[in-house]
Amino acid sequence: MELLLILIIGLLHAGGLYMLLRRSMFKMIIGLILLGNGVNLLIFLLGRLTKGHPPVIEADAKIFSEIYADPLPQALILTAIVIGFGLQSFAIILIKRVYQVLGTDDLDELNSTDEEI
Amino acid sequence: MNNPYIVLPIILQLVAAVVLMFFWTKTKAQKLLSIIFSVAAVLVAAYLLISVWHEGILVTQSGNWKAPFGITFVADLLGVTLVLVSSIAALGVSIFSSGSMREERLKFGYYPVFHFLVMGLQGAFLTGDIFNLYVWFEVIIISSFVLMTLGGKKAQLEGAIKYVSLNLLASSLFLIGIGFLYGLTGTLNMADLSIKIKEIQNIGLVNVTAGLFLVAFGIKSAIFPMYFWLPASYHTPPPAVTAIFGGLLTKVGVYAMLRTFSLIFGGDEFMTVTISIIAALTILGGAFGAMSHRHMSKIFGYLIISHIGFMMVGISIFTEIALLGTIFYLIHDIIVKTNLFMVSGLVLKINGTQDIKDLGGLYKSYPLLSLLMAIPLFSLVGIPPLSGFWAKIFFVEGALEARDYLLVISVILGSFLTLWVIGKVWTEVFWKKGENLPKQANGVYFDELSQTGKWSMVFPMLLLSFVSLYIGLGAKHVISLSQKIATELVDPSSYIQVVLQNQVP
């Protein structure tokens with residue numbers, strides 16, 4: 001399971017970075033989305049994968065007697081997914097507006113704010 | 001020992017934003033309410049600073065979950081001071097916006113989003129949990145995205161693409177760093193991290209994580225190789241927005257670096273050397289950039305970068321005296337940079353352009369206003385009794401003590417270049433004989449504004465200049481405050497003890 005996750009994470013990161021480095025605005029957003037998903041899976045992996053019980057303690061017990069699964073990474077990922085979703089939707093609307101106003105999808109042509117002195 | 005009132009600055013901004021939404025199209029009511037809420041925020045922050053000064057670090061555990069498990073809010077001197085300073089800057093911008101923002105923008109929710117942005121800032125300054133810090137960062141950037149694009153001008157959208165994409169990348173890197181930290185230590189509470197990170201044998205992995213945080217916060221605070229988005233985007237939104245961005249957004253990055261590098265990663269040789277080189281290059285890169293431009297907001301944008309470099313000096317040397325300089329500079333810089341962008345906004349309002357080659361004769365036509373504008377300009381340079389001066393002494397002293405001559409040279413050179421740039425701006429804009437500029441078709445000029453309109457732009461500059469003068473002339477108080485903060489940063493044991501409530505020695 002770990003190995004599979006590692007491969008997927010690597011692929012998502014590589015794909016995300018490759019897309020980020022393309023000249024098209026649309027591909028850049030795809031890249032950011034891929035990267036975001038890769039990061040979420042990375043947190044999932046780094047939070048340790050355990051086949052355990054839910055972390056709910058018995059009423060009469062003081063400590064966990066069996067292996068339990070850490071719920072925190074899931075909470076973190078859930079938060080990150082929600083935030084990422086909001087940011088990505090904003091970014092998609094933004095590139096739509098930019099495309100409508102500037103009439104280009106090529107990032108290399110978006111250089112007027114840099115060039116004017 | 002729960003002190004729930006320390007989250008009051010955050011709640012106040014949230015309430016402000018929500019209440020303002022009910023007045024969506026009634027811009028007059030929005031202006032008034034925003035100013036009232038901002039004044040209240042300054043009072044609350046001042047009260048908080050006084051109580052932290054007297055009682056020491058205050059903590060509240062959300063949901064009453066004990067420290068390493070729940071989300072902790074910590075009001076230590078560093079956080080509370082920044083809360084106060086940022087509320088003062090926000091008050092200034094709130095008043096300034098009421099005079100300078102166009103009605104169309106106000107009708108599309110400028111004020112609510114502005115208060116959400118300030119809420120994010122206050123949250124970032126008060127949280128004691130690294131993941132919560134990430135969440136506040138996201139609150140800040142999503143609000144800043146909206147403010148940046150509000151109005152949808154061509155240049156704005158183009159600047160926004162650069163700003164948005166790099167900030168999203170930085171957030172991803174920050175999140176990877178958090179994932180690594182959690183994998184290494186199994187905790188997210190910064191005080192708890194501080195203890196657990198020292199027990200880790202694998203120093204290499206800790207350094208990689210530190211590197212990720214450095215890059216993530218570095219993009220946000222615009223340090224050397226990662227600053228190109230700032231001059232490409234900061235001059236595009238309206239002046240009031242640029243004022244709040246220039247004054248506060250990059251400083252949150254610096255704050256986050258101060259926190260993480262004091263509590264979690266600290267004292268590692270490799271990182272120290274890296275940061276010191278980055279600091280020197282940031283100072284010089286920003287200053288050279290400022291020299292080569294003619295657009296006022298762009299010049300000031302590059303100066304932000306240069307002065308972020310000054311603050312990095314303290315983070316790299318990490319002795320008490322250098323940190324004292326960083327804290328002092330941080331306080332001074334938030335106020336002065338906000339003021340500076342208001343100055344450039346007012347110049348735009350008077351003349352309709354920000355190109356310093358076309359501008360001129362401002363001193364002749366507005367002598368008193370020019371004198372007022374001279375205060376932030378010369379505070380920035382650090383001409384003796386003004387506020388920028390004191391911090392630089394500590395930087396040079398700290399760097400000399402640490403025998404880091406590269407930093408000594410770049411701090412001094414950076415100050416000279418700042419002087420050169422500000423001198424150029426002063427002669428071109430204020431002293432040079434002015435020409436009659438062609439009037440632009442749209443937009444209201446300063447002369448045509450009503451008396452209240454004029455004052456709403458001048459008063460915030462007066463307010464912030466007064467604060468700057470206080471920081472400069474009453475430096476004794478600010479230094480003793482910064483001294484105490486620097487001591488807390490160098491030795492975070494009291495912070496850790498209060499947060500974890502003596503569970504761990």
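Bear in mind these aren't lab numbers, they're just calculated from the coordinates by the rules spelled out. Small disclaimer: the values here were computed from a predicted structure and weren't measured. All Cβ positions, glycine included, derive from the backbone under ideal geometry; neighbour counts span all protein chains shown.
Let's test the formula: R0 of 41 Å, r as the Cβ-Cβ distance of B:Glu104 and B:Lys424. What FRET efficiency results, to the nearest 0.05? Result of the calculation: an efficiency of 0.75. 3J(HN,Hα) couplings calculated from phi for region B:67-78 with the Karplus curve 6.51 cos²θ - 1.76 cosθ + 1.60 (θ = phi - 60°) are, in sequence order, 2, x, 9, x, 8, 9, 10, 10, 9, 9, 4, 4 Hz; Gly and Pro show x.
Charges were assigned to the Cβ only: +1 to each Lys and Arg, -1 to each Asp and Glu. The resulting dipole of region A:2-115 about its Cα centre is roughly 160 debye. Summing Lys and Arg as +1 and Asp and Glu as -1 over all other residues whose Cβ lies under 12 Å from the Cβ of B:Gly398 gives a net charge of -2.
Which value, in debye to the nearest 20, gives the size of the charge dipole of region B:275-417 about its Cα centre, when Lys and Arg are +1 and Asp and Glu are -1 at the Cβ?
Numbers: 8 positive and 7 negative charges, 103 e Å.
Value, rounded to 20: 500 debye.
Under a 5 Å amide H cut-off, with hydrogens placed 1.01 Å from N, B:Lys153 pairs with nothing among residues at least 5 apart or on other chains.
Nearest 10 degrees, 0 to 90: what angle lies between the long axis of helix B:405-425 and the longest principal axis of chain B (Cα atoms)? Once rounded, the angle reads 20 degrees. At full extension, A:Arg97 and A:Ile57 could sit 9.2 nm farther apart than now, given 0.36 nm per residue minus the alpha carbon distance. Between region A:81-117 and region B:444-464, the alpha-carbon centres lie 34 Å apart. In terms of its Cα atoms, chain B spans 69, 54, 42 Å along the principal axes, sorted from long to short. Amide hydrogen proximity for B:Thr127: with H placed 1.01 Å from N in the peptide plane, the residues at 5 or more positions away or on another chain lying under 5 Å are B:Val74. Here's the picture: charge each Lys and Arg Cβ at +1 and each Asp and Glu Cβ at -1 in region A:2-115, and of A:His53, A:Asn37, A:Ile81 the one pushed furthest to the positive end of that dipole is A:His53.
For the pair region B:89-121 / region B:19-63, the C-alpha centres are spaced 14 Å from each other. Positive end of the dipole of the protein assembly as shown (Cβ unit charges, origin at the Cα centre): among B:Gly218, B:Ser276, B:Met291, the Cα lying farthest that way belongs to B:Met291. Take each residue of peptide B:475-488, count the partner chain Cβ atoms within 10 Å of its Cβ, and average: the result is 0. With each label modelled as a point 7 angstrom along the Cα→C-beta vector, the B:Phe270-B:Ser292 pair spans 3.2 nm.
What is the helix-to-structure angle for B:110-126, meaning the angle in degrees between its Cα long axis and the longest Cα principal axis of chain B, kept from 0 to 90 and rounded to the nearest 10? Helix B:110-126 sits at roughly 30 degrees to that axis.
Determine the shape class of region B:67-143: with a ≥ b ≥ c the square roots of the Cα gyration tensor eigenvalues, call it rounded for a/c under 1.5, and otherwise prolate if a/b is greater than b/c, oblate otherwise.
Numbers: a/c = 4.46, a/b = 1.90, b/c = 2.35.
Cα axes put region B:67-143 in the oblate bin.
Look at the dipole of the protein assembly as shown built from charges on Cβ: of B:Tyr405, B:Gln497, B:Phe395, the Cα furthest out on the positive end belongs to B:Phe395. Dipole magnitude for the protein assembly as shown: computed about the Cα centre from +1 point charges on Lys and Arg Cβ and -1 point charges on Asp and Glu Cβ, it is near 1520 debye. When the listed pairs B:Lys162/B:Lys484; B:Lys107/B:Lys424; B:Lys31/B:Lys349; B:Lys28/B:Lys154 are checked against a 30 Å cut-off, the alpha-carbon distance exceeds it for B:Lys162/B:Lys484; B:Lys107/B:Lys424.
Peptides B:275-283, A:38-46, A:65-73 ranked from most to least packed by the mean count of surrounding Cβ atoms within 10 Å: B:275-283, A:38-46, A:65-73.
What is the sum of charges around A:Arg97, taking Lys and Arg as +1, Asp and Glu as -1, for the other residues whose C-beta is under 15 Å from the C-beta of A:Arg97? Could you put the intermediate results ahead of the total?
On the way: positive: A:Lys96, B:Lys153, B:Lys154, B:Lys162; negative: A:Asp105, B:Glu158.
Residues close to A:Arg97 contribute a combined charge of +2.
Here B:Val208 and B:Ser62 are evaluated by their C-beta separation; at R0 = 30 Å the FRET efficiency comes out at 0.45.
Taking chain B as the reference, fit the longest principal axis to its C-alpha atoms, fit the long axis of helix B:451-473 to the helix C-alpha atoms, and give the angle between the two in degrees, 0 to 90, nearest 10. It is inclined by approximately 50 degrees.
Over all other residues within a Cβ to Cβ distance under 14 Å of B:Gly79, the charged ones net out to 0, with Lys and Arg as +1 and Asp and Glu as -1.
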